[in-house]
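Q: What follows is a single structure, and I will ask about it in a moment.
What follows is calculated from the coordinates using simple rules that are stated; it is not laboratory data. For clarity, every value in this text was computed on a predicted model and none was experimentally measured. Reconstructed Cβ throughout: ideal geometry from the backbone, glycine too, with neighbour counts over all protein chains shown.
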Amino acid sequence: MNLVLRREQITQHIAALDEFLSGPIYAAWESDRKADLADVEDAILSLDPKSIEDSNEQFRLRGERRLLQKLESHFQNDRIVLKQELDEIDVELEQQNTTTTKQEE
């Protein structure tokens, strides 16, 4: 794929992601995620760890809690990955420009 085109696509994607992260849909999603996390933590604390049935449920809930905790930084991590890819493309484009300039001399 053409690096200039890919760079433009990533730039547009970052702009759309920034708009999403500052918008009301993300705020509502984050609020719901926090509420779900609090519910799961309350459910874990309400279980009897000595009961086999409860310990199985506790393992399931702990996995759910880990997922909800990881989702907290999911979109921000995507933005970081996109910025890193953009930086790599910029370096590659600069190298191509340098090579082209040297060949023309």
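Q: On a full-extension model of 0.36 nm per residue, what is the gain between L93 and L45, subtracting their alpha-carbon distance, rounded to one decimal in nm?
A: Result: 11.9 nm gained on full extension.
Q: Working out 0.36 nm times the residue gap between Q69 and S22, then minus their Cα-Cα distance, what length gain in nm do you get to one decimal? Could you put the intermediate results ahead of the total?
A: Numbers: separation 47, 0.36 × 47 = 16.92 nm, distance 1.99 nm.
Here the segment from Q69 to S22 would lengthen by 14.9 nm.
Q: Taking N as the number of residues in the chain, what is its alpha-carbon radius of gyration divided by 2.2 N^0.38 Å?
A: Computed over Cα atoms of the chain, the ratio equals 1.75.
Q: Something else about it: Is the shape of segment 59-105 best called rounded, prolate or oblate, per the rule: a/c under 1.5 gives rounded, else a/b larger than b/c gives prolate, else oblate, with a ≥ b ≥ c the square roots of the Cα gyration tensor eigenvalues?
A: The shape class here is prolate.
Q: Now a separate question. Suppose a student asked you for the relative contact order of the chain, using Cα pairs under 8 Å spaced at least 6 residues apart; what percent would you report?
A: Over the chain, the number comes to 38 percent.
Q: For the chain, what does -39500 (n - 2.57) per DSSP helix run (n ≥ 4), summed and divided by total residues, give at 222 nm, in deg cm²/dmol to the nearest 500?
A: Estimated from H runs of four or more residues: -31000 deg cm²/dmol.
Q: Turning to a different aspect of this structure: Within 10 Å of each residue's Cβ, count the other Cβ atoms and sort L3, L37 from fewest upward.
A: Fewest-to-most ranking of L3, L37: L3, L37.
Q: Calculate the spin-label point distance for R60 paired with A15, positioning each point 7 Å from the Cα along the beta-carbon direction, and give it in nanometres.
A: That separation, rounded to one decimal, is 4.6 nm.
Q: Here's something else I'd like to know. Using Cβ counts within 10 Å as a stand-in for footprinting exposure, how do S55, S22 rank, fewest first?
A: With the sparsest Cβ surroundings first, the list reads S22, S55.
Q: Please order H74, H13 by the number of other Cβ within 10 Å, starting at the fewest.
A: Ranked by crowding around the Cβ, least crowded first: H74, H13.
Q: Could you list, bin by bin from short to long, the percent of Cα-Cα pairs of segment 26-86 in 10 Å steps?
A: 21, 38, 24, 13, 4, 0
Q: Taking 0.36 nm per intervening residue step and subtracting the Cα-Cα distance, what contour gain separates A35 from T100 on full extension?
A: 17.8 nm
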